[in-house]
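The values are calculated or read from the model by the stated rules, or taken from the named source; none is laboratory data. Quantities reported herein were computed from a predicted structural model and do not represent experimental measurements. Because the Cβ atoms are built from the backbone with ideal geometry, glycine has one as well, and the counts that use them run over all protein chains shown.
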Amino acid sequence: MGKLIDMTGKKYGMLTCLNQNGRNVDGHIMWTFKCDCGNVKTIIGNDVRQGKSTSCGCYHKKIMKNNRHHKGKKQAV
């Protein structure tokens, strides 16, 4: 296993790391993050460092909502 990287207090995308939160069943170190929207979520640290997780999910929901809103409207060329 690699050396533990302390992510506490660091910001990754919209997520700010609060503290380490143990390991999951696969042995991955879990961290608690607070999103810019205010939600708190526990995520695998490596996923956050690699950019696989950049928010609690609120950003994806916002993008999907905007896509539905604009769907069917003629796009300017």
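Contact list please: Cβ distance under 9 Å, first residue in the range 7-26 and free of Cβ contacts under 8 Å to residues at least 24 places away in the same chain and on the phi < 0 side of the Ramachandran plot, second residue basic (Lys, Arg) and part of a loop (DSSP other than H, G, I, E, B), pairs at least six apart or on different chains.
These pairs meet every condition: THR16/LYS10.
Of all residues in the range 25-57, which are over 8 Å from the mean Cα position of the chain (by Cα), closer than 10 Å to LEU15 by Cβ, part of a loop (DSSP other than H, G, I, E, B) and not charged (D, E, K, R)?
ASN39
Which one of LYS34, LYS10, LYS62 is surrounded by 11 or more Cβ atoms within 10 Å (Cβ to Cβ) and modelled with pLDDT under 95? Before you say what the answer is, go through the steps one by one.
On the way: LYS34 fails: modelled with pLDDT under 95; LYS10 fails: modelled with pLDDT under 95.
Result: LYS62 is the single residue among LYS34, LYS10, LYS62 that is surrounded by 11 or more Cβ atoms within 10 Å (Cβ to Cβ) and modelled with pLDDT under 95.
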